[in-house]
Amino acid sequence: SKPSPLEVLSSMMEINVDLIDANPYQPRTHFDAEALQELAESIRVQGIIQPITVRKIENNRYQLISGERRLQASKMSGLRYIPSYIRTADDQQMLEMALIENIQRENLNSIEIALSYQRLITECSLKQEELGERVGKNRTTVNNYIRLLKLPPMVQAALRDNKISMGHARAIINIDDPNVQLSIFQKIIAEDWSVRKVEDAVRGLTVATMIDQSKTRKPNIIKQEIRSLQYKLSSLFGTKVSIKSDDHNKGEIKIPFSSQEELDKILGSFKV
């Protein structure tokens, strides 16, 4: 039978680093050189604390599933052999395992996490709920990361390089216009805006947009709403109600009655 993607073929063994090929599905795209050098120094002194994970491929070689930083740092430190768990996985299983293990065990930046989440959804056919269960996050958290990928490339790059925080990015996302997003982003960089200041600016923009939209509503839409309201009031009071409104949304509502009985009925609707 087909082995489980998590089946361990050997609990652990030492593998020559020259026999390990890179993982083509590696979600990490950016490594901090200084941090990598620090890890190499730690490995030189302490050795590998956490084994990497590989799968065996042809010609007695191995392909990395997770642990790219540890492998690179081990080579930098001069380590010849590295402790490794060996597993069997097909390409899709390998992708899923690599992404999930890296998200959980490596310090990926926000954009790399977002890309990993997006690939798990699109390439591994996971729903957001399933993805949340796999990585131990709720659906809202997963969605907040994926939304980062809708930001302009310049903003994504700044988030990746820690020039802005996740809080800054999440506030900017709430702006629909990419040009305004970039304008706010430039103020964050140039004037060192706090997350709170960005949130206040975005809130102000949202309120201003709502006011502008209210001022520019098409007259025919307003007329349709008035006709609808007239119909509802006429049905409620049992008499033909008329509503008049000018361009400034000022007007009057007339509720006619032809007898004391009709008046009582209208007043009864108001519970007067």
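The values are calculated or read from the model by the stated rules, or taken from the named source; none is laboratory data. In this text the structure is predicted, and so the values were computed from the model without any measurement. When we count neighbours, we look across all protein chains shown, and the Cβ atoms used for this are built from the backbone with ideal geometry, even at glycine. SASA here: full protein model, heavy atoms, side chains in, ligands and nucleic acids out. Shrake-Rupley method; radii C 1.70, N 1.55, O 1.52, S 1.80 Å.
From the list I86, I82, I111, the one residue that fits, being more than 15 Å from M13 (Cβ to Cβ) and either open to solvent by 40 Å² or more (accessible area, probe 1.4 Å) or among the aliphatic types (A, V, I, L, M) (or both), is I111. When each of K56, K75 is tested for being over 26 Å from A169 (Cβ atoms), touching a Phe, Trp or Tyr at 6+ places or on another chain (Cβ under 6 Å) and modelled with pLDDT of 80 or more, the lone residue that passes is K56.
I need the full set of residues from the range 32-59 which are touching a residue at least 40 places away in the same chain (Cβ under 8 Å) and charged (D, E, K, R), in order please. Listed by number, the list holds a single entry, K56.
Every condition in (1) surrounded by 15 or more Cβ atoms within 10 Å (Cβ to Cβ); (2) closer than 17 Å to Q104 by Cβ is met by V155 except one, and the failing one is (2).
Among the residues of the range 139-147, are any closer than 22 Å to D32 by Cβ, open to solvent by 40 Å² or more (accessible area, probe 1.4 Å) and of a type outside the set (V, I, T)? There is at least one residue in the range 139-147 that is closer than 22 Å to D32 by Cβ, open to solvent by 40 Å² or more (accessible area, probe 1.4 Å) and of a type outside the set (V, I, T).
Taking the conditions exactly as written (outside any loop (DSSP other than H, G, I, E, B), out of contact with any strand residue (DSSP E or B) (no Cβ under 6 Å at 6 or more places or on another chain) and acidic (D, E)), does E58 satisfy them or not? Taking the combined requirement at face value, the residue does not satisfy it. On the given criteria, is I100 in a helix (DSSP H, G or I), closer than 26 Å to I189 by Cβ and touching a Lys or Arg at 6+ places or on another chain (Cβ under 6 Å)? In short, no.
Restricting attention to the range 38-52, does a residue exist that is open to solvent by 40 Å² or more (accessible area, probe 1.4 Å), modelled with pLDDT under 70 and not in a helix (DSSP H, G or I)? Checked against the condition, which is being open to solvent by 40 Å² or more (accessible area, probe 1.4 Å), modelled with pLDDT under 70 and not in a helix (DSSP H, G or I), the range 38-52 yields no hits at all.
Of the residues contained in the range 114-122, one or more are found to be buried (at least 17 other Cβ atoms within 10 Å of the Cβ), in contact (Cβ under 8 Å) with a residue 60 or more places away in the chain and under 12 Å from the mean Cα position of the chain (by Cα). Only helices (runs of 4 or more DSSP H) whose full extent lies in the range 160-272 are considered here, and the ones with at least 2 residues that are touching a helix residue (DSSP H, G or I) at 6+ places or on another chain (Cβ under 8 Å) and modelled with pLDDT under 80 are 219-237, 260-270. Applying the criterion of being free of Cβ contacts under 8 Å to residues at least 40 places away in the same chain and among the basic types (K, R) to the residues of the range 158-185, the residue that is least open to solvent (accessible area, probe 1.4 Å) is R170. Looking at R196, is it within 27 Å of Q128 (Cα to Cα), open to solvent by 60 Å² or more (accessible area, probe 1.4 Å) and basic (K, R)? Here the answer is no, as R196 does not meet what is asked.
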